[in-house]
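Okay, structure first, notes after.
The values are calculated or read from the model by the stated rules, or taken from the named source; none is laboratory data. Please read these numbers as outputs of a predicted model, since none were measured by experiment. Note that each Cβ is placed from the backbone with ideal geometry, even for glycine, and that neighbours are counted across all protein chains shown. With ligands, DNA and RNA removed, areas are computed over all heavy atoms of the protein, side chains included. Shrake-Rupley method; radii C 1.70, N 1.55, O 1.52, S 1.80 Å.
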There are 2 protein chains.
Amino acid sequence: FQDALKGKKHDDKGLVFADLTSEEYTQVRDYMWSVSALNISRSVFAQPSENVLFLIELHLPPKSEVLRYLDKGGPRPRREAKAVVFSGSKQSISEYIVWPLPNPDHHQDVTLKTYNQELHINARTVTIGEYVALFKFVHKEVFGKVKTILEESFGYSESNTLNPFEGMPRGIQSGDRQTWFSFFRDRSGFYIHPVGFEVLINHRDTKSSMWKVEKALYNGEYFASLEELNEKYAAGKVKKIRYKESRDYGSLKPRHKPTGFGPLQYDVQGKRYSVRNNQVLYLDWSFAFGLSSLTGMRVFDIRFKGERIAYELSVQEAMSVYGSVTPGMMLTKFIDSSIGIGRFAHELVRGVDCPYTATFVDTYRYIDTNFTQRFRNSICIFEHNTGRPLRRHFSDFFSNSYGGLANNVLVFRTITAIGNYDYMWDFMFYQSGSVEAKVHATGYISSSYKTEDNLRYGHQVAENTLGNIHTHFINFKVDLDVLGRKNMFLTKDMEFVNVSLPWIPGEYAQIPRLVERQLKTEGEAALRYDTKTARYLHIASNLTNRWGHPRSYRLQVASFTGDHLPEAVPEERAMSWARYKVAITKYKDEEQTSSSLYNQNNIWSPAVDFSQFIEDNENIESEDLVAWVTTGFLHIPHAEDIPNTVSVGNGGGVILRPHNYFDEDPSMNSPDSVYIHPS
Amino acid sequence: FQDALKGKKHDDKGLVFADLTSEEYTQVRDYMWSVSALNISRSVFAQPSENVLFLIELHLPPKSEVLRYLDKGGPRPRREAKAVVFSGSKQSISEYIVWPLPNPDHHQDVTLKTYNQELHINARTVTIGEYVALFKFVHKEVFGKVKTILEESFGYSESNTLNPFEGMPRGIQSGDRQTWFSFFRDRSGFYIHPVGFEVLINHRDTKSSMWKVEKALYNGEYFASLEELNEKYAAGKVKKIRYKESRDYGSLKPRHKPTGFGPLQYDVQGKRYSVRNNQVLYLDWSFAFGLSSLTGMRVFDIRFKGERIAYELSVQEAMSVYGSVTPGMMLTKFIDSSIGIGRFAHELVRGVDCPYTATFVDTYRYIDTNFTQRFRNSICIFEHNTGRPLRRHFSDFFSNSYGGLANNVLVFRTITAIGNYDYMWDFMFYQSGSVEAKVHATGYISSSYKTEDNLRYGHQVAENTLGNIHTHFINFKVDLDVLGRKNMFLTKDMEFVNVSLPWIPGEYAQIPRLVERQLKTEGEAALRYDTKTARYLHIASNLTNRWGHPRSYRLQVASFTGDHLPEAVPEERAMSWARYKVAITKYKDEEQTSSSLYNQNNIWSPAVDFSQFIEDNENIESEDLVAWVTTGFLHIPHAEDIPNTVSVGNGGGVILRPHNYFDEDPSMNSPDSVYIHPS
Ligand SMILES: [Ca+2]
Ligand SMILES: [Ca+2]
Ligand SMILES: [Ca+2]
Ligand SMILES: [Ca+2]
Ligand SMILES: [Cu+2]
Ligand SMILES: [Cu+2]
């Protein structure tokens, strides 16, 4: 390490935010297994009718306890786990707090307290056990029933099978669990090899023997059953798809031998950051980090020069709404934290996903399995030279000098490779005291089999393949604590006012004026996407800087979102955070996340409806405030999305910028400052 | 060079776009000097009453001639210069075409043809000669008259003088040339050391003996003359400012010894781009470049895999509107190309402004002087690893593989250090076929002396210093030629439509649908900032890609602009391009730039009013189209703008993205592709 970190020391306090260790997961699992009343299956392939320990995660301690511990020498908050049990036997879902860690021996059902409702079993995520049963069902009850059709149409065989892709939500009302499966050729990037065959499987019952095929779609035509399809097909009453070999256009294999290397970055004199346990130090910055299996990457207790700026900055949700004429995509609204955003934080590849010199961190998770999983190199941390100055000025009037600073930033990154898509998450820490949260999308688009009438829902992007129009909405939680918890929400903007010119009687001019407002309630501070909002949004302290202005951090949102689902649609409440570019709420321990594990599969009666956080319209004049920031982009797929969507232009984010927080630009103290005076 | 450039060769055709050489400038100057009828002064300090050869620049040949030369083996277009003469003797401005180059012996006045109006002498930029006269005037007629006041108030002395900063426009109607000078302490970054003293100097007459002080402002109070100020000050009727030493808060000197180096990039195996003359080759890209003294950086004949994508991509204008109670800033609207955006493309500093390994190019200019100036290292070109993948996908369903590509881009950069501000201009060339134009602002803000009543126009940012609220508007010219000149303008967006679910009788759902439109006239295609516009904007060919869709490039604009000046304001027409986020016009050789050298100083009757390009509302259904793109940001200065504004979040730009232009993502052919298959 360089001198840049001299005098800065790691401490262990950030461990209150640390994910459970491999041992802790195992202890909680073993404890839960040992509670005979819970009767939890130990099989990784547990049937839906059994009781499944789906998830173990850190249960974050109450914020006030953590702050007493961090700031006031209070006791270390009790370390607890959250355990989620899908109970086939009781036809419900229960969440438990399990404590103490290590060596837990208590558990308590907190479901009702957390969600103010019982959770029906069909709100659950489809588990590996259910998938195994579903794939068996598909193999026997679908492929087995229409084998000839599949052979003739798609070249199907045991060794050249079809891959399924599910539409969600699974039905049209609470309790439904009937899923459209679309089928795709078994090639790399199968997501862009649709074959024009889809079936609706009702798997509502936790007994898989009760499941059935309810509908089928073949080449654009609906059939009440596979039997009907078989009969009509045999009778020549169906417009047949003739199997043709297709090009391997989904393959990511390079087409050429590498002809050389692009530029690489290296740390000239060693690293200027340090990672110990879940704590990162970088120049004037420090923070703790974690990775929730559900919501993904998060950092806590972000400090600059020792002063806390934010308590939490975290990914909350990634949601997409699709358009299509095919039933598999028609209703599709993906709500990713219900499957797990952090769950798919897979290995980052050196030299592509992160620089060769980055620091890689392994993470451990317990989700939808019966053992602790280690995810190697699933977080990377590196200092990056952005290739553009953070600031610079050359003076040629009255004096000649140059001052500047390269823009070196610390990047904290994970990737969510969730099925077809790969979201790249970055938190970036600038020497000017700014923090940026960014997301980019890459990977495969979803597609459907191209017919004449579906061009209204996208573009053809490959042989028989329609890239379906869809939205990407991403939600971040930004719990700034500007000089403590008591903050206010300010907006600033400009307006032209007609002003008389003092030195020319009778003359007027339109002059831009600063317009400042304080928004005092959650209702006022819920800034909808479809309304004009002030250009500057601030979380501010009532303490002032040297020049008498409230010290604040500004939220600058960059977004290219499409339209949000109309609010009248029954599914909308499960994604109501997407109504708002920024919404400010009064902090509550009970309002930890803007979405939930259950929003996808009981989308009509969501366990968390974000709009309810605002519904009570609380006063936010001097409160602990949380900003919920939505960004994203409208995606109209085009040929260049094949094989993969590129990250350029396909993202969004928010920059947290000091605004009268300091008395001057803190980057003036950067060790990287350069000054040239020709003399 | 690496194999990456194998088979790619430079040619000399791009020289049609090359700036004049040092010798060419000198030849044009000598020729113009030799034309006795023009009677041009040879002094670098020529008086306004004399005739001044202000500017020599390349005169771009007509596009059709260039294309015949580039594409059809036509003759090389005649090389011509444009020469601008400020004629004090005739009280007018004339523009001449001078040819042939080299060895010119012809000139022709093209003023009327170019602007459809005579140009009054007071539309001219203030020359060095005029500045010298103005500073003499200030020294004698201002400082000389109120010396005691300046000594007592500001510690003024011959060795501790005050620096002037001008407000613009210089008056309130055509022909006016009266400028408010605000005064600042003579310290580094004097722009943020205002002293509360301003004078209005009328320098309308080209004879400096006729100039006079028309008004003065001292500590917020107006005086009809300096004599009045002196009298009232002596009589104790003026609220005095008492001189106090101030901190050197504008200095860019580092406060600490460097403690180490941040990360650096290096080209592992040499460069993958090549620069010869004004031509750049980079992997599949090629383009020619130039730097106009007025409009700045520009590239031409941008090709990807040999196919022209754009004829021109160029900076056009940088404009700011300020708010203030002080007269120096109150009316201020800076229109930078009237002073020269390329003119201030100063040296780029290795390791800060561009990487150490970048290729630096010198440029030559002839503006507001009597000799050719060389600007060392004023362009830099480098390949940059953005530190984020361009694309990547990891598959864990049904198969296990990884494909990805580091996002290496070619960056073409200049900086405009224009007085207080530094604009950083980047054109970036991506392996996915995208080109991005970006601008960031840094340097010093403008400020005014802080009094009680000016907090409505900004924030206090330092002792007695108000950072004035202002807008930044930037205009780019984007002359895409998608498979030739005949293009159309398409928009794409989404809308929710109510659709019945084919498999559930009586059930309906809101489904997003693709909405495509062709905008057929300039009027329709002028997309105002204050209206909702389609999210996808395309310049398209009627030729289709393999999948039957019009091949197009999409314009994706990132912008954080404030409000544009109301159109009723007389000064607005000089910046009417800023009304539009994007405006599409039918290409005309006569509509080369959206602004002009004369828009600042005759702002009320501008030589170029962009809105006139659209006024004739021409058909754009199958024409050569030009997109004029506006971006920028609202700047509410805050303490962290001291000493310099940082680039993070303070910028904007436009990405030109292929959209059904190709049949698949062209980055699949990149030499940087990585593929991992565990087997
Ligand atoms: Ca509330
Ligand atoms: Ca807070
Ligand atoms: Ca026109
Ligand atoms: Ca064109
Ligand atoms: Cu997408
Ligand atoms: Cu600014």
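For segment A:468-486, the count of residues that are more than 16 Å from ligand 5 (Cβ to nearest atom) and within 9 Å of chain B (Cβ to nearest Cβ) is zero. Residues in segment A:354-396 that are closer than 20 Å to B:Arg388 by Cα and among the aliphatic types (A, V, I, L, M): A:Ala358, A:Val361, A:Ile379, A:Ile381, A:Leu390. Screening the candidates B:Phe360, B:Phe394 for the property of being in a strand (DSSP E or B) and modelled with pLDDT under 95 yields one hit, B:Phe394. Residues that are open to solvent by 20 Å² or more (accessible area, probe 1.4 Å), more than 16 Å from ligand 1 (Cβ to nearest atom) and under 30 Å from B:Ile636 (Cβ atoms) occur in segment B:425-438; there is at least one.
Taken together, the residues in segment A:498-537 that are more than 30 Å from B:Tyr222 (Cβ to Cβ) and facing chain B (nearest Cβ under 7 Å) amount to 2.
Within segment A:1-36, the residues that satisfy the criterion of being more than 20 Å from A:Glu80 (Cβ to Cβ), open to solvent by 40 Å² or more (accessible area, probe 1.4 Å) and of a type in the set (Gly, Ala, Ser) are A:Gly7, A:Ser36.
Residues in segment B:239-269 that are acidic (Asp, Glu) and at pLDDT below 80: 0 in all. When each of B:Asn385, B:Asn408 is tested for being over 16 Å from the mean Cα position of the chain (by Cα), within 7 Å of chain A (Cβ to nearest Cβ) and open to solvent by 10 Å² or more (accessible area, probe 1.4 Å), the lone residue that passes is B:Asn385. If you go through segment B:202-237 and keep only what is hydrophobic (A, V, I, L, M, F, W, C), surrounded by fewer than 19 Cβ atoms within 10 Å (Cβ to Cβ) and in a loop (DSSP other than H, G, I, E, B), you end up with B:Ala224, B:Ala235. Would you be able to say whether some residue in segment A:175-192 is polar (S, T, N, Q), within 12 Å of chain B (Cβ to nearest Cβ), open to solvent by 50 Å² or more (accessible area, probe 1.4 Å) and within 17 Å of A:Pro327 (Cβ to Cβ)? No, segment A:175-192 contains no residue that is polar (S, T, N, Q), within 12 Å of chain B (Cβ to nearest Cβ), open to solvent by 50 Å² or more (accessible area, probe 1.4 Å) and within 17 Å of A:Pro327 (Cβ to Cβ). Considered as a group, the residues in segment B:618-645 that are more than 23 Å from B:Lys113 (Cβ to Cβ) and within 16 Å of ligand 3 (Cβ to nearest atom) include one that is farthest from the other protein chains (Cβ to nearest Cβ), and that residue is B:Asn619.
With the structure loaded, tell me whether A:Arg413 is touching a Cys at 6+ places or on another chain (Cβ under 8 Å) and away from ligand 1 (no atom under 16 Å from the Cβ) or whether it fails that test.
Spelling it out, A:Arg413 is indeed touching a Cys at 6+ places or on another chain (Cβ under 8 Å) and away from ligand 1 (no atom under 16 Å from the Cβ).
Candidates B:Tyr156, B:Tyr131: the one that is free of Cβ contacts under 8 Å to residues at least 60 places away in the same chain and open to solvent by 40 Å² or more (accessible area, probe 1.4 Å) is B:Tyr131.
Among the conditions (1) modelled with pLDDT of 95 or more; (2) within 24 Å of A:Leu466 (Cβ to Cβ), the only one that A:Ser188 does not satisfy is (1).
To keep it simple, each residue is scored yes or no on (1) among the hydroxyl-bearing types (Ser, Thr, Tyr); (2) free of Cβ contacts under 8 Å to residues at least 40 places away in the same chain; (3) in contact with a strand residue (DSSP E or B) (Cβ under 8 Å, 6 or more places away or on another chain).
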position	(1), (2), (3)
A:Ser378	yes, no, yes
A:Tyr430	yes, no, yes
A:Ala437	no, no, yes
A:Tyr444	yes, no, yes
A:Asn454	no, no, yes
A:Glu463	no, no, no
A:Leu480	no, no, yes
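Taking the criterion of being at negative phi, modelled with pLDDT of 95 or more and either within 7 Å of chain B (Cβ to nearest Cβ) or surrounded by fewer than 24 Cβ atoms within 10 Å (Cβ to Cβ) (or both), the residues of segment A:442-455 that qualify are A:Thr442, A:Tyr444. For beta carbons closer than 7 Å, sequence separation of 6+ or different chains, a first residue in segment A:326-339 that is within 13 Å of chain B (Cβ to nearest Cβ) and a second that is part of a helix (DSSP H, G or I) and among the charged types (D, E, K, R), the qualifying pairs are A:Lys333/A:Glu571. If you check B:Arg308 against the conditions, is it at the interface with chain A (Cβ under 9 Å from one of its Cβ atoms), out of contact with any Phe, Trp or Tyr (no Cβ under 9 Å at 6 or more places or on another chain) and either modelled with pLDDT under 95 or part of a strand (DSSP E or B) (or both)? So B:Arg308 fails the test.
Of all residues in segment A:555-588, those that are in contact with a helix residue (DSSP H, G or I) (Cβ under 6 Å, 6 or more places away or on another chain) and either open to solvent by 40 Å² or more (accessible area, probe 1.4 Å) or within 14 Å of chain B (Cβ to nearest Cβ) (or both) total 2.
Consider segment B:625-642 and keep the residues that are in a loop (DSSP other than H, G, I, E, B) and open to solvent by less than 10 Å² (accessible area, probe 1.4 Å). The one that is farthest from ligand 1 (Cβ to nearest atom) is B:Ile642. Among the candidates B:Leu555, B:Leu527, B:Leu537, the residue that is of a type in the set (A, V, I, L, M), within 16 Å of ligand 3 (Cβ to nearest atom) and closer than 24 Å to A:Phe633 by Cα is uniquely B:Leu527. B:Gly236 fulfils the conditions (1) over 37 Å from the mean Cα position of the chain (by Cα); (2) on the phi < 0 side of the Ramachandran plot except for a single criterion, (2). Suppose the filter is open to solvent by 30 Å² or more (accessible area, probe 1.4 Å) and more than 28 Å from A:Val626 (Cα to Cα); does A:Ser64 pass it? Against the criterion (open to solvent by 30 Å² or more (accessible area, probe 1.4 Å) and more than 28 Å from A:Val626 (Cα to Cα)), A:Ser64 does not qualify. Note on segment A:589-624: among residues that are away from ligand 2 (no atom under 16 Å from the Cβ) and of a type in the set (Phe, Trp, Tyr), the one that is most open to solvent (accessible area, probe 1.4 Å) is A:Trp604. Taking the residues in segment A:388-405 that are in contact (Cβ under 8 Å) with a residue 12 or more places away in the chain and of a type outside the set (D, E, K, R) as candidates, determine which candidate is most open to solvent (accessible area, probe 1.4 Å). It comes out as A:Asn400. Only a single item in (1) within 7 Å of chain A (Cβ to nearest Cβ); (2) polar (S, T, N, Q); (3) crowded, with 20+ Cβ neighbours inside 10 Å is not met by B:Asn669, and it is number (3). Of the strands (runs of 3 or more DSSP E) lying entirely inside segment B:420-481, those containing at least 3 residues that are within 16 Å of ligand 6 (Cβ to nearest atom) span B:421-429, B:435-443, B:458-462, B:465-468, B:470-480. Does segment B:208-229 contain at least one residue that is at pLDDT below 95, within 30 Å of B:Gln47 (Cα to Cα) and among the basic types (Lys, Arg)? There is no residue in segment B:208-229 that is at pLDDT below 95, within 30 Å of B:Gln47 (Cα to Cα) and among the basic types (Lys, Arg). How about segment A:259-272: which of its residues are surrounded by fewer than 22 Cβ atoms within 10 Å (Cβ to Cβ) and under 30 Å from A:Asp11 (Cβ atoms)? A:Tyr266, A:Asp267, A:Val268, A:Gln269, A:Gly270, A:Lys271 - these are the residues of segment A:259-272 that are surrounded by fewer than 22 Cβ atoms within 10 Å (Cβ to Cβ) and under 30 Å from A:Asp11 (Cβ atoms).
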